[in-house]
Structure formats: C-alpha cells, structure tokens
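Novice: Dumping the structure here so I can ask a few things about it.
Any read-out appearing in this document is the output of simple, stated calculations on the displayed coordinates, not a laboratory observation. Everything numeric here is computed off the predicted structure, so don't read it as measured data. Quick reminder, even Gly has a Cβ in these numbers, built from the backbone with ideal geometry, and neighbours come from all protein chains shown.
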C-alpha cells in the first residue's frame, strides 16, 4: 500500500480486538511522534505509554467516546483499547505553537501505528484531573489528549459529503464518516467565494 493509500484508509477506531499490541511497535510509533516538526525545535511534548491491562481499564472510564452516536459508539465490553498514549505538554518549554506540535506528533504516531495494522482514536474529552492524580503528572505539564490504541474490530468507511459532519452507524453497526469533498475545500491560486456559497 502506498503512503497516500495508507492515509486514505485510516479511520478512527472505537472497537478493538482483545489482544495486546507489541510494546516494541508502540515504542517505534512513539519515536515517530518524537521526530515530528516542532516550533522553534522546543520539543515540549512528552508521553506516557500505557499497555498494562489493569491500568488500561482504569483509564477507560476517564474518557468520552463518539459524541454523535452516544452511547452505542462506545467500545463494547471485550473491545476496549489494548493501550493508550497520554500526550503531555511541558509548559515550562512554552511556545505559542505547541498545539501545532501536538497535531504533527500525534498524526505521526497514528500513521505509524496504522502502517502496522494498529487502529487508534484520538480523544480530547478526558477527565484530566483524575488522570493527573492516577499518573502523578506534575502541575507544570498540561494533559493535552489521549490516544486509544489496539487492533481494529470494526471497519469504518469515509464518504464524501458536504451536508453534514455527523458520523453515523448503519443497520449493520458499520460507522460512516462524512468528509467534505476536496473540491469544496481546495482553492487553487485564489480564494473562490462562489465555492463556499454554492448549495
């Protein structure tokens, strides 16, 4: 599969197979995140990688999943993530661009994982206070988000749609994810106002 096809095939995964992900693969993915671009090369990001099953089950209730299709979009019993990556920002390294760093690093991790058949779901709805206590995270570290990881037990599909951004499940339980068509979001050589005003 080409790198472009890898990107096209990636979807957020919320149902996982009940099998562990090899630690060496997860560490390689973390290394891919480490090598992402960083504003002024300040490198404020650090990570907690969690793959212990008991710890994973303690993290699970601290997360909120699939807002558009609650609660049926939540991972089902026996299909919880096998690992998590907690993304931290070391605030003492400060930068107005640190959230750009997060986006670049997490996408590197997600694509490296997907190239190994490991699905992920990037979660920003997190009980940060409880997570901070659970992992003794210092106050000068911001908990940005959590990446849930595991081998997929579902096959979501992307569809070009301009009418809605809400994903949905069909009668078989398959998740459909609308993506705005390229011709609606790409402006070539100048900004085309007619494109955005067209129905």
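Novice: Have a look at the range 1-138 and give its Rg and Dmax from the Cα atoms, expressed in angstrom.
Specialist: Computed over the Cα atoms of the range 1-138, radius of gyration and Dmax are 15.3, 44 Å.
Novice: Can I ask one more? Dividing the Cα convex hull volume of the range 49-199 by residue count, how many Å³ per residue is that?
Specialist: 161
Novice: Mind checking the full-extension length gain between residue 39 and residue 182? Use 0.36 nm per residue of separation minus the Cα-Cα distance, one decimal, nm.
Specialist: Taking 0.36 nm per residue and subtracting the Cα distance, the gain is 48.7 nm.
Novice: If you don't mind, there's one more thing I want to ask. Defining a contact as two alpha carbons under 8 Å apart and six or more residues distant in sequence, what relative contact order in percent does the range 1-124 show?
Specialist: 46
Novice: How compact is the range 156-199 by the rule of thumb for globular proteins, expressed as Cα Rg over 2.2 N^0.38 Å?
Specialist: 1.46
Novice: Quick one: 14, 166, 132, fewest Cβ neighbours within 10 Å first, how do they rank?
Specialist: 166, 132, 14
Novice: Of the peptides 39-48, 177-186, how do they stack up when ordered by the mean number of other Cβ atoms within 10 Å, highest first?
Specialist: In descending order of packing, they fall as 39-48, 177-186.
Novice: Tell me, what is the FRET efficiency for residue 124 and residue 190 to the nearest 0.05, using R0 = 41 angstrom and their Cβ-Cβ distance as r? Walk me through the numbers on the way to the answer.
Specialist: Values: r = 34 Å, r/R0 = 0.83.
Efficiency, from the Cβ-Cβ distance: 0.75.
Novice: I'd like the distance separating the alpha-carbon centroids of the range 1-31 and the range 100-154, in whole Å.
Specialist: 13
Novice: Obtain the nm distance between the two label points defined at residue 6 and residue 67 by a simple spin-label model: each point lies 7 Å from its Cα along the Cα-to-C-beta direction.
Specialist: Taking the simple label geometry, residue 6 and residue 67 are separated by 3.1 nm.
Novice: Sticking with this one: Provide the FRET efficiency to the nearest 0.05 for the residue 58-residue 107 pair, computing r from the beta carbons and using R0 = 22 Å.
Specialist: Working from the Cβ atoms, E equals 0.25.
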